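First comes the structure, then the notes that go with it.
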Amino acid sequence: MTDQTAPQAGPRAKLSTDPYRGTRDFLPPEMSVRTQVFGTLYRVLEAFGFVRYDGPLLEAFELYEAKSSQEIVNEQLYSLVDKGGRRLVIRPEMTPTVARMIAGHSQELALPVRWYAHVNCHRYERPQRGRLREHWQINADIFGSTSHECEVELFDLIRELMLSIGAEPSTYAIRANDRILAEAAFTNWVGLDRAALRPVLRALDKWEKVDEATREAMLQENGLTPEQIDRVKAYAAMDLEQICGVAGPEAAGQSNLAKVIQGGLCRTPVKFDPLILRAFEYYTSTVFEVFDTSPTNRRSLFGGGRYDNLVSLFKKERIPGIGFGMGDVTLFDFLETHEILPAPRVSPDVYVFGLDADSRATAYGVARELQEAGFHVVRSLDDLALPKHLKYASRVGARFVIMAGLSELAPGQVALRNMSESSQEILSAGEVPAHLASA
Ligand code: HAM
């Protein structure tokens, strides 16, 4: 891949045909696969009562400054200043936008609401497997309820979304934690003060990606004593019961996740994982990610959580939110790895041509009827000889060809060719739609 930003060699140098690094072009075959997969996912979301919304690609910088993740704000934002001097960003995620929209329209909404969107997001990352600079996310969020039923519903929804695209439950794992429990464990049991809490949560978020010495260093940097470091390490290996124990009964009683897991309320297995902490500042309690069980794909398929205070950035009213983003890059890696990608559908059902002006009118009349009947029909554009029409029909993969103006045909007749069987029959133009409908 060439770097488009590099200076061109001379006046005759042609522009690169590559997209900007970390972004992708989707050619029709790939787009056909994506449309099928996303269409299936939309149907599941709508079956769960989610309704679709959309929002702008550009947002005010302040929206992210306050509550997003430090890594995103400091290292990954595409930002710009508009001609009026306003600081803007190209959205790196959708949650601040949807919180802004909910806050702006809360009076009109019958809460709780279930909203979904399918948007592209930009983050300035080093492109690698599962991580690009532009990715698409399906976001599904519920606003206006603090009930643990939200968690149950979202976990069930993940299962149904995955099932709908052919993914068996054994091929992925939902891993979840609760920041209420983690923060109580760190303040009550490890004895951290508020200032050390955030950096330690961030260190734990990276725990599995770094070696022992780096872990130790990250904690020492934040002034933890050797005894506190030992307790943080012990935390990293605890199960849900142990963490509820060290967090204390108040925190355990507030945890929706503990209720859901300990009460066996979910049809979908959800694994408690003390190291899922998520980098975003806005999450307040439940946090979760979904991973492929194949080691080929290490990056998460979904990431989400509960954010009960984000809407209050915009207005006094407190409207709790919970939801997830499902990323397309990791999703398509997953579908490929597990060999469940649908086949592209870009070939027309029928290619239609006439060899002269009169027969072209007959052929196009048939084309119109077939299009109305739901067939995908390609009409010829250029004046070609018969063999060239057939060659083109074969190259584009047409199943049938309708030919008008051949010397053996009477007026009003066409020849219908079945390309896979190389068979041909003569019909009157009016008979074609019914004939193809039963083919
Ligand atoms: P996130 O974990 O940053 O969460 O992203 C959600 C998903 O988007 C990830 O699991 C991953 O599949 C995909 N993703 C994120 N960054 C990239 C990237 N650079 N390249 C490819 N895929 C990526 C959020 O964005 C939250 N706003 C999600 C949310 C919605 N939380 C509540 N509601």
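The values are calculated or read from the model by the stated rules, or taken from the named source; none is laboratory data. Quantities reported herein were computed from a predicted structural model and do not represent experimental measurements. Heads up, the Cβs are rebuilt from the backbone with ideal geometry, glycines too, and the neighbour counts pull from every protein chain shown. The protein model used for the area step is the full one, side chains on, heavy atoms only, and it has no ligands, DNA or RNA in it. Shrake-Rupley method; radii C 1.70, N 1.55, O 1.52, S 1.80 Å.
Figures for the structure shown
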| item | result |
| --- | --- |
| Tabulated pairs, segment 114-125, first within 18 Å of Leu154 (Cβ to Cβ) and assigned to a strand (DSSP E or B), second within 10 Å of the ligand (Cβ to nearest atom) and open to solvent by less than 30 Å² (accessible area, probe 1.4 Å), C-beta under 6 angstrom, 6+ apart or interchain | Arg114/Ile142; Trp115/Asp141; Tyr116/Ala140; Ala117/Met94; Ala117/Asn139; His118/Ile138 |
| Tally, over segment 182-196, of residues that are within 17 Å of Glu227 (Cα to Cα) and of a type in the set (A, V, I, L, M) | 4 |
| Residue under evaluation Arg298, criteria (1) open to solvent by 50 Å² or more (accessible area, probe 1.4 Å); (2) within 30 Å of Tyr172 (Cβ to Cβ); (3) away from the ligand (no atom under 16 Å from the Cβ), criterion not met | (3) |
| Residue match in segment 173-184 (condition: within 11 Å of the ligand (Cβ to nearest atom), modelled with pLDDT of 95 or more, open to solvent by 30 Å² or more (accessible area, probe 1.4 Å) and within 26 Å of Pro320 (Cα to Cα)) | no |
| Unmet requirement for Gly253, which otherwise passes all of (1) open to solvent by 10 Å² or more (accessible area, probe 1.4 Å); (2) touching a residue at least 24 places away in the same chain (Cβ under 8 Å); (3) over 30 Å from Gly397 (Cβ atoms); (4) away from the ligand (no atom under 16 Å from the Cβ) | (2) |
| Subset of segment 181-196 [more than 17 Å from Arg278 (Cα to Cα) and not aromatic (Phe, Trp, Tyr)] | Thr187, Asn188, Val190, Gly191, Leu192, Asp193, Arg194, Ala195 |
| Hits in segment 382-427 - residues which are open to solvent by 50 Å² or more (accessible area, probe 1.4 Å), free of Cβ contacts under 8 Å to residues at least 40 places away in the same chain and within 40 Å of the chain's Cα centre (by Cα) | Lys391, Ser394, Arg395, Ser420 |
| Identity of the residue in segment 123-132, of a type in the set (D, E, K, R) and more than 7 Å from the ligand (Cβ to nearest atom), that ends up nearest to Glu93 (Cα to Cα) | Arg126 |
| Residue, modelled with the lowest pLDDT, within segment 257-290, restricted to residues that are of a type outside the set (Lys, Arg) and in a strand (DSSP E or B) | Phe280 |
| Residue within segment 141-149 that is open to solvent by 30 Å² or more (accessible area, probe 1.4 Å), near the ligand (Cβ under 10 Å from one of its atoms) and free of Cβ contacts under 8 Å to residues at least 60 places away in the same chain present | no |
| Residue that is least open to solvent (accessible area, probe 1.4 Å), among those in segment 84-103 that are in a loop (DSSP other than H, G, I, E, B) and more than 9 Å from the ligand (Cβ to nearest atom) | Arg91 |
